[in-house]
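Beneath this line is the structure, given in structure tokens, with notes to follow.
The values are calculated or read from the model by the stated rules, or taken from the named source; none is laboratory data. Here the structure is a predicted model, which is why all the values come from computation and not from measurement. Cβ coordinates were reconstructed from backbone atoms using ideal geometry, including for glycine residues, and neighbour counts include every protein chain displayed. Note: accessible area is taken over every heavy atom of the protein model, side chains too, but ligands, DNA and RNA are not part of it. Shrake-Rupley method; radii C 1.70, N 1.55, O 1.52, S 1.80 Å.
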Amino acid sequence: MSALLDSLAGNSSGDGSRKATLDAIVRDGLPGPRSEAWKYTPLRALERRTFAPVDAAVATFDPALLADIPAPRLVFVNGVHDPAHSDLGALPSGVTLAPGSAGGSMPEDGTDARGRGDDVFANLNAALATTGAVVRVEAGAQVETPLHLVFIGASSDADRAWHLRHVVEVGEGASVALAEHHLAAGAHRHLDTATLSLRLGARSRLRHARIHDAADGATTFLRTDAALAEDAEYRRLDLELGAALSRHELNVRLLGDRARVVANGVLLATGKRHLDTRLSIEHVARDTACDLTWRGIGAGRGRAVFHGGITIHEGADGSDANLSNKNLLLSEGAEIDTQPVLVIHADEVKAAHGATVGQLDPTAMFYLRSRGLPEADARRLLTTAFVREPLGVLASDTLRAALEARLDAALASLAGDA
């Protein structure tokens, strides 16, 4: 048994089903390089670490961290709900935004939070999570004000581990915007896992932004499972800006005819950061569509791993699938591994996918330098332009300006990693 699993197993106090899941994890251990899903993300250093459970009391942090995150917002600090800094006063009618109950009584959403046999952290989450955020939007509700979920990792006297499970349900014909903020309050080396089960009803609309800007020493394993009914539209943007080791799995099933997902993202692997992103889009119904635009940057000794998987099932005729993953290497020590995968079992479909890894265009650099721009400014201008395209998924949404500012701040720090 690894030290990691040993320490996490000691934190469990769940029911028989949870204990059985945890026992299986301890028996099988962490996946190694022979696992196709994990061969680019070694876990050997992590398995030697230990983590203490979180304190029941809410950890303290500087409230200025929330200055740019308006209400309504639900705040968790080191995995513990923080009612003092949550603000539900502006919650629109037709919307429920609340923490889930502790003690294993999370709301049932009809999905299985467990993953494959080698998806150990999703299985750990299923065994150990007892709370999380619950978001429900009633059928027909048109919610203009974005809802904010804030997850803060705060400094502590020990390396802590916590596990959250979130549920989001959008009723038929409803429309809503949701923002996830994963932020750091001070230096730490905590571990957190989270799963988000998302269900979109017929003709519903969801705009979803996830900003992951965790501490440089943090380790996070996140998974999003989305199911879309007929004519539902899911528009999403992911900004991966922080953490020492971060892995996110986005699984979307287009179950209803004409369901559509537009999922874009930016991966910023700087310093010694390791970012791992895996997409699994399944076209199950007819005339469904996915449009995926992802941009990655590797600098310093950072490493970005991207797997973009699209499966068009038998009978999903009329599907339209597009994936673009372009990446920039800004230093010799950086690494980017990209794997686009397209599997088609239906006729009469349109599908395209592609991935590139390269460097800044020397011709463009020469043009900017010849106009008097210093080298650092020229590199920053070209890099910023390269990663701005995915932000278009939010169109004129009120979230876009805030996300652009956060991305620009992260890009400003690249000068020392180039």
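Please verify whether ALA346 is outside any strand (DSSP E or B), within 30 Å of LEU255 (Cβ to Cβ) and touching a residue at least 40 places away in the same chain (Cβ under 8 Å), treating the condition exactly as stated. So ALA346 passes the test. Checking each residue of the range 271-280 against the condition of being outside any loop (DSSP other than H, G, I, E, B) and of a type in the set (S, T, N, Q) gives at least one match. So in the range 231-240, with the set limited to residues that are crowded, with 23+ Cβ neighbours inside 10 Å and under 30 Å from LEU411 (Cβ atoms), which one is farthest from the chain's Cα centre (by Cα)? In this case the residue turns out to be TYR234. Of the residues screened, HIS81 is not one that is open to solvent by 30 Å² or more (accessible area, probe 1.4 Å) and touching a Leu at 6+ places or on another chain (Cβ under 7 Å).
Quick grid of which residues meet (1) at pLDDT below 95; (2) farther than 19 Å from LEU97 by Cβ:
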{"residue": "GLY115", "(1), (2)": "yes, yes"}
{"residue": "ALA122", "(1), (2)": "yes, yes"}
{"residue": "GLY140", "(1), (2)": "no, no"}
{"residue": "GLU144", "(1), (2)": "yes, no"}
{"residue": "HIS148", "(1), (2)": "no, no"}
{"residue": "ILE152", "(1), (2)": "no, no"}
{"residue": "ASP159", "(1), (2)": "yes, yes"}
{"residue": "LEU164", "(1), (2)": "no, no"}
{"residue": "GLU169", "(1), (2)": "no, no"}
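Evaluate the range 206-215: report whether one residue or more is in contact (Cβ under 8 Å) with a residue 60 or more places away in the chain and of a type in the set (Lys, Arg). Looking through the range 206-215, at least one residue is in contact (Cβ under 8 Å) with a residue 60 or more places away in the chain and of a type in the set (Lys, Arg).
Among the residues of the range 33-66 satisfying the criterion of being buried (at least 16 other Cβ atoms within 10 Å of the Cβ) and part of a helix (DSSP H, G or I), which is modelled with the lowest pLDDT? This residue is GLU47. Scanning the range 161-206 for residues that are under 19 Å from VAL58 (Cβ atoms), open to solvent by less than 10 Å² (accessible area, probe 1.4 Å) and not in a strand (DSSP E or B) yields one hit, HIS190. Screening the range 298-317 for residues that are under 28 Å from ALA259 (Cα atoms) and of a type in the set (D, E, K, R) and picking the one that is most open to solvent (accessible area, probe 1.4 Å) gives GLU314. Against the numbered list (1) surrounded by fewer than 16 Cβ atoms within 10 Å (Cβ to Cβ); (2) part of a strand (DSSP E or B), HIS353 comes up short only at (1). Of everything in the range 212-230, what is surrounded by 22 or more Cβ atoms within 10 Å (Cβ to Cβ) and not in a loop (DSSP other than H, G, I, E, B)? Give them in sequence order. Those that are surrounded by 22 or more Cβ atoms within 10 Å (Cβ to Cβ) and not in a loop (DSSP other than H, G, I, E, B): HIS212, THR219, THR220, PHE221, LEU222, ARG223, THR224, ALA226, ALA227, LEU228. Within the range 67-78, take every residue that is under 22 Å from the mean Cα position of the chain (by Cα) and open to solvent by 50 Å² or more (accessible area, probe 1.4 Å) and give me the one that is modelled with the highest pLDDT. By that ranking, first place goes to PRO70.
Filtering the range 269-284 to residues that are open to solvent by less than 10 Å² (accessible area, probe 1.4 Å) and either closer than 16 Å to VAL252 by Cβ or out of contact with any Asp or Glu (no Cβ under 7 Å at 6 or more places or on another chain) (or both) leaves ALA269, ASP276, THR277, LEU279, ILE281, HIS283. Closer than 29 Å to ASP317 by Cα and in contact (Cβ under 8 Å) with a residue 60 or more places away in the chain, is that true of ARG223? Considered against the rule, which asks whether it is closer than 29 Å to ASP317 by Cα and in contact (Cβ under 8 Å) with a residue 60 or more places away in the chain, ARG223 comes out as yes.
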